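The values are calculated or read from the model by the stated rules, or taken from the named source; none is laboratory data. As the structure is a computational prediction, the values presented were derived from the model and not from experiment. All Cβ positions, glycine included, derive from the backbone under ideal geometry; neighbour counts span all protein chains shown. The protein model used for the area step is the full one, side chains on, heavy atoms only, and it has no ligands, DNA or RNA in it. Shrake-Rupley method; radii C 1.70, N 1.55, O 1.52, S 1.80 Å.
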Amino acid sequence: MTGLTASIRTAALAATVAGAALAAALAPDAAAAGEEVFRDDFDSGELGGQWTVSNPDPSGFIVEDGQLIVIAGAKGDLAEPEKANIFLLDVPLPDGDWEIEVVYDAEFNTRHENLQFGLYDDAENFLVVSSGLGGRFKYNCALEVGMDDMSRGQLKTNSTTLTDWEACQGKVVDFMQRQGANPRPYKLTLRKKGRSYSATHQFGDELPEEEKPRIVETGAVATLRPPKRIVLAAGQKAEPQGETLFMIDRIVVRKAD
């Protein structure tokens, strides 16, 4: 091999390697660990084209002032195929491990509030974070976060209580203040690690640097064939007396560190 031929082959190999590296960097699933692959701060005044609303009821939601605002005034969750305003996000998830972050607040007053987000195929197949107030017996309630794993119509839940159970019927605002359910809004994160899925609940979103965030982690659930689409929905766990305003500040999808 002449020196000229060797130089040409070396240059060609270098170009091939560089081209492959560039292609990998530009590929949708090539996001670096921790890098955002999708973010919606709801600043545009309307839902973007990546969103589809199943069973839409336009009177029940609006995008305004940098928030997706949803009114929930009736019993219903993702297990009910006719539930109004199921928000589906058509964004591919990164390969490997990832996380979905949602920041929200609500005007808690029914003790049955429930925000759900995560993965969804249909009413019989979803895996989501469930967050809000849970009612027990006639008057008691507590702030809860957990995982709802619905597979072929069989539901498994893994719930964590964030406050003590206490009588709160008719006095939900006082209950939230006594139980230390602030600061708000709440930052929820659904994490995939291998075949395991779990969530964290952080009190407060943007905190002062000197303030250590208060974070609670749920138990994990495992699945071999997770649902494919990202979903977001707000509702009530039981037939409420009144309605609840949910304010979603953002949703972020990122490749896990």
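Can you find a residue in region 134-154 that is aliphatic (A, V, I, L, M) and either in a loop (DSSP other than H, G, I, E, B) or open to solvent by 30 Å² or more (accessible area, probe 1.4 Å) (or both)? Within region 134-154 (the criterion being aliphatic (A, V, I, L, M) and either in a loop (DSSP other than H, G, I, E, B) or open to solvent by 30 Å² or more (accessible area, probe 1.4 Å) (or both)), the answer is no, since none of the residues qualifies.
With respect to the stated conditions, Ile248 fails to be loosely packed, with under 13 Cβ neighbours inside 10 Å and assigned to a strand (DSSP E or B).
Within the option set Glu113, Glu124, being of a type in the set (Asp, Glu) and crowded, with 24+ Cβ neighbours inside 10 Å holds for one residue only, Glu113. Counting only strands (runs of 3 or more DSSP E) wholly contained in region 161-227, no element carries 1 or more residues that are under 18 Å from Cys141 (Cα atoms) and open to solvent by 50 Å² or more (accessible area, probe 1.4 Å). With respect to the conditions (1) of a type in the set (A, V, I, L, M, F, W, C); (2) modelled with pLDDT under 95; (3) surrounded by fewer than 18 Cβ atoms within 10 Å (Cβ to Cβ), Ala31 lacks only one, and its number is (3).
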